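Student: Encoded as structure tokens, here's the structure I'll be asking about.
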Amino acid sequence: MSLYKTAEKIQTMEIRGAGKIARAAVEALKEHDRTIDPASLADYLEEMEQAAGILLATRPTAVSLPNALHFVMNSVRKASSLEEAREVLRSRADAFIETSTTAVERIGEIGARHISDGDVLMTHCNSQAALACILEAHRQGKEIEVFATEVRPRNQGLLTVRTLNDAGIPAHFIVDSAARYWMNDIDLVIVGSDAIAVNGAVVNKIGTSQIALAAHEARTNLVVAAETYKFAPRTILGELIEIEERDPEEVLPADVAGGLRYVTVHNPAFDVTPAEYVDLIVTEQGAFPPELAYLIIKDYLGWDIREFQKTFEIDHRDQE
Ligand code: RI2
């Protein structure tokens, strides 16, 4: 699939889920490398920076996307010959895909430890990382049930209940606004994440923060399952995570909205759950309280923040 096709599929959410977006973007860089024939290292770098920029511009919130592109491109930029740059691009892309896939499996193993036999869970949206924990707990023979929200406007909850159904896990499909109604029956809320800030705030599908609030009130624990590349290094520098505002037509068709002269339809795709409503973040490196987000960015993500800043200053300039 061409770079442009992948970018389009990410934008339209045919390819979706923070982890999948990251892997698809890296795969697209590899594919783009196969289709070009640059004369020099400089030409190659220019071409690949542009490609990374196109992918980066598809969806602004999931930090897995810039983190994955950074993981590959930062090494490519250091190459001293065209051959080396191309070789580095392919090997770093493969390494990211491999690491990312293994991370989700590992999160499943670690997250399942926090699910007990007999638990009734609630999840929101469709997260591979959160589902990995639920599926692993089920595989271990724990008897669990899952309440899954519908997830307006794109209905990702249907994907979640299909997966649960295929695994033979009893599931309850509810509208988003019913989360608090059921909360007293829930033992544990488990969700994924698109981005985690240095202060432990979790950005996830719109509606997550309302569920977190209801869980907090009911003293129900909330666990976030997220690979370390979902942590946002630039929040250390004080930068806020941009919340994607999608087409209002996803919420209300234009022919209906068009007739409502005084009505504005809003469609933010994500919201922010403060760290105080998050009990645990399960990563492939272990389970941490949200207060340790800084440590994860510095020690586990392992990137020099100054280098990261420099990299993205260059990317920003390219976008202007
Ligand atoms: P995994 C999704 O975003 C959801 O918000 C989900 O919780 C998150 O990505 C993480 O998904 P969208 O692409 O990486 O549906 O755990 O907007 O699969």
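Rule-based calculations on the coordinates, nothing more; no lab input. As the structure is a prediction and not an experimental result, all values here were calculated from the model. Because the Cβ atoms are built from the backbone with ideal geometry, glycine has one as well, and the counts that use them run over all protein chains shown.
Student: So, R0 is 51 Å and r is the distance between the beta-carbons of E109 and E47; what FRET efficiency does that work out to, to 0.05?
Tutor: Computed FRET efficiency for E109 and E47 comes out at 0.80.
Student: Ordered by packing density, taken as the mean number of other Cβ atoms within 10 Å over each peptide's residues, highest first, how do 26-39, 203-216, 166-179 rank?
Tutor: Output ranking for 26-39, 203-216, 166-179: 203-216, 26-39, 166-179.
Student: Counting only DSSP beta bridges with both residues in the chain, tell me the antiparallel percent, nearest 5.
Tutor: Bridges in the chain are about 35 percent antiparallel.
Student: With n ≥ 4 as the cut-off for DSSP H runs, can you work out [θ] at 222 nm for the chain, using -39500 (n - 2.57) per run divided by the number of residues, rounded to the nearest 500?
Tutor: When only DSSP H runs of four or more count, the value is -14500 deg cm²/dmol.
Student: What number do you get for the chain when its Cα radius of gyration is normalised by 2.2 N^0.38 Å, N = residues?
Tutor: On the way: Rg = 20.2 Å, N = 320, 2.2 N^0.38 = 19.7 Å.
Compactness ratio reported: 1.02.
Student: If you restrict to DSSP beta bridges whose two residues both lie in region 125-239, what percentage is antiparallel, to the nearest 5?
Tutor: If we restrict to bridges inside region 125-239, about 20 percent are antiparallel.
Student: Further, regarding this structure: To test your reading of the geometry: what angle, between 0 and 90 degrees and rounded to tens, separates the Cα axis of helix 82-112 from the longest principal axis of the chain?
Tutor: Roughly 10 degrees, rounded to the nearest 10.
Student: Another question, if that's okay. How would region 67-211 be classified by its alpha-carbon gyration tensor: rounded, prolate or oblate, with rounded meaning a/c under 1.5 and the a/b versus b/c comparison settling the rest?
Tutor: Prolate, since a/c reaches 1.5 and a/b exceeds b/c.
Student: Can you list the equivalent-ellipsoid semi-axes of region 81-158, largest first and in whole Å, using the square root of 5 times each Cα gyration tensor eigenvalue?
Tutor: 35, 18, 6
Student: Could you pull out which residues in region 135-164 have an amide N less than 18 Å from a spot 7 Å beyond the Cα of A178, following the Cα-Cβ vector?
Tutor: From region 135-164, the list is 145-164.
Student: Quick check: from the Cα gyration tensor, does region 193-311 come out rounded (a/c under 1.5), prolate or oblate?
Tutor: Taking the square roots of the gyration eigenvalues as a ≥ b ≥ c, region 193-311 is oblate.
Student: Still on this structure: Between helix 156-167 and the chain, what is the angle of the helix's C-alpha long axis to the longest principal axis, kept within 0 to 90° and rounded to the nearest 10?
Tutor: 70
Student: Roughly what would the spin-label model give for R162 and R34, points 7 Å off Cα along C-beta, in nm?
Tutor: 2.6
Student: Packing-wise, with mean Cβ within 10 Å as the measure, how do 98-107, 151-160 rank, highest first?
Tutor: The densest-packed peptide leads the list: 151-160, 98-107.
Student: Compute and list, largest first, the equivalent-ellipsoid semi-axes of region 3-106 from the alpha carbon gyration tensor, each √(5λ) rounded to a whole angstrom.
Tutor: Numbers: eigenvalues 101, 49, 22 Å².
For region 3-106, the ellipsoid semi-axes come out as 22, 16, 10 Å.
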